[in-house]
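One structure below.
Throughout, read-outs are computed from the coordinates displayed, never taken from laboratory work. All values reported here derive from a predicted model rather than from experimental measurement. All Cβ positions, glycine included, derive from the backbone under ideal geometry; neighbour counts span all protein chains shown.
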Amino acid sequence: MKRIIESKLLQWKNKTPRKPLLLQGARQVGKTYVLRKFAKNHFSHTHYFDLEASKVDLTTIFNDSPLDPKQLINKLSFVSGNTINPETDILILDEIQAIPRAITALKYFCENMSRLAVAAAGSNLGVAHSDEPFPIGKVESVHMYPMNFEEFLAGTDEEMALTFLMNFRGGKIDDIYHRRLFDLLKGYFVTGGMPEAISQYSANKDTPLEAFRKVRQLQKQLIFHYESDFSKYAGSTNSRHIQRVFRSIPLQLSNTQDKKSKKFKFKDVISKGYRSYEHLADPVEWLTKAGLALKVNTNLHPSIPLMACTKENSFKLFLFDIGLLGAMINLKPESILRYDYGSYKGYFAENFVLQELCTYGFNEIVTWSGRSSEIEFVLELNGNIIPVEVKAGFNTKAKSLQAFITKYHPAYAIKFTGNKFGCNKQKRIFNYPLYMISKFPELSKSADNQAS
């Protein structure tokens, strides 16, 4: 499976000087696979060590010795039986959180042996909660998300659909292409972006409904394993609080979609008596650091920098994967394929748009609420504030978007909807179909230039 993060890894490889790479992300998003594939394609030899699987043998190397890179690679070479050449090889330390002192060792590789390519991978759960000090400024951290829609197309051999998207430069889309891409998107809404789920579907897609049912079973297992990790890294009491916040995300999203609330409500999420942000701050932060939840803060007065004007206790929480979101609420694949699941469609679309934007590097995203208006997402792009409205369906009247435009006069505005690509040049509003988020902001730039 080809992953867009491979381009970032290549940029890292070609840097001079080059810091050790730390690839982070939730469990099972494909960190090990992409690192080993990249290493095989770009280095003479790969020296791979799984610190979790070989913890007994490798702990003494890092814990009982000075963290001198020369000594470390000599000992690692001795254990593996293969000499590590700092000039041409790559050293991969997988599951690095299993031996926290190995995280500290990255600092010394940066300072004393930068010519050796060192890449580490670890779940956010362990790295974020390690007892060892993080080597700030001595590593290049890259976050890895689940597979996005274009990666789903590549991973399920939908090459014609992928080629169409990649080559699209704006203009009219024929109905046949629009319907086909929207149908594929609904399939992605079921599988989500976990590589194992996409592989499961791809292997059985000749019988789609059966394939989707197998995917759901796998997703429920993944959710079980994530929740099991809570107690591993947070202790039994905290893990119960984290689990309740985690399980409340779908309901909270549903409430904001139905306009019952504009933000995450704290009352009784954990248990009776827990009513304030202070009671939930730690579990929320834990889930976001672990990469299992995406937090979008409220900004009542959008200005640059966006994050400087947010309220700490006012936010929405989204799940990191759209497929797991469906599994958590037992949403049947058949309902998604028919696009018939009521108001759930709205928050599903929001969750999807957010995780897609994150995979393309838009990480500082806020939400905006006016007196009677709300914009799902606001982001900064090239010094401009860009409002993003999300509509799951085809009725795309945008009163809130117009209210935002009237008040803040953004350079242009974006809608992600069920409709085809189009541009209202007078109002400077661009409509992207939900399956075409990968083309933002490219098409806005080209269409904007044509308009001017």
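Regarding region 5-143, what whole-number volume in Å³ per residue does the convex hull of its Cα atoms give?
Dividing the Cα hull volume of region 5-143 by its residue count gives 99 Å³.
Looking at this model, which pairs from Lys19/Lys40; Lys186/Lys399; Lys407/Lys445 are more than 25 angstrom apart at the alpha-carbon?
The pairs that break the limit, which is 25 Å between Cα atoms, are Lys186/Lys399.
Between Lys311 and His225, what FRET efficiency follows from the Cβ-Cβ distance if R0 is 35 Å, with the result rounded to 0.05?
Efficiency for this residue pair is about 0.55.
For a quick check of your reading of the filter: which GluC sites (Glu not before Pro) in region 1-99 sit in a DSSP loop and have no more than 12 other Cβ atoms within 10 Å?
Glu87
With 27 Å as the limit, write out which pairs from Lys2/Lys214; Lys316/Lys397; Lys8/Lys205 have Cα-Cα distances beyond it, or answer none.
Lys8/Lys205
So, by mean Cβ neighbours within 10 angstrom, what's the order for 428-436, 166-174 with the highest one leading?
428-436, 166-174
Using only Cα atoms, locate the centre of region 341-399 and the centre of region 418-443, then give the distance between them in Å, rounded to an integer.
13 Å
In whole Å, how far is the Cα centre of region 153-207 from that of region 1-37?
Cα centroid of region 153-207 versus Cα centroid of region 1-37: 24 Å apart.
Taking a virtual spin label 7 Å from the Cα of Tyr360 along the C-beta vector, which residues in region 152-168 bring their backbone nitrogen under 20 Å of it?
Under cut-off, by backbone N: 152-156, 158-168.
Give the aspartates and glutamates whose C-alpha is closer than 19 Å to that of Lys425, dropping any in the same chain fewer than 8 places away, or say none.
Cα-Cα hits under 19 Å: Glu389, Glu442, Asp448.
Evaluate E = 1/(1 + (r/R0)^6) for Phe164 and Asp64, where r is the Cβ-Cβ distance and R0 equals 60 Å; express this FRET efficiency to the nearest 0.05.
The pair Phe164/Asp64 has a calculated efficiency of 0.60.
Kindly point out which whole DSSP H helices in the chain project their C-alpha atoms 20 angstrom or further along the helix axis while averaging a Kyte-Doolittle hydropathy of -1.0 or above.
What comes out of the filter, once short or polar helices are dropped, is 175-191, 208-234, 236-257, 344-359.
Restricting to DSSP loop positions (anything but H, G, I, E, B) with no more than 13 other Cβ atoms inside 10 Å of their own Cβ, which trypsin sites (Lys or Arg not before Pro) remain in region 301-385?
For trypsin sites (Lys or Arg not before Pro) across region 301-385 that sit outside H, G, I, E and B with at most 13 neighbouring Cβ atoms in 10 Å, the list reads Arg371.
Straight-line reach only, C-alpha to C-alpha below 15 angstrom: list the aspartates and glutamates that Lys13 could link to, leaving out same-chain residues fewer than 8 apart.
Lys13 reaches Glu87, Asp89, Glu140.
Ranked highest first by the average count of other Cβ atoms within 10 Å around their residues, in what order do 9-21, 407-419 fall?
407-419, 9-21
Among the lysines, select those whose C-alpha is under 21 Å from the C-alpha of Lys232, and discard any that sit fewer than 8 residues away in the same chain.
Lys31, Lys55, Lys220, Lys289
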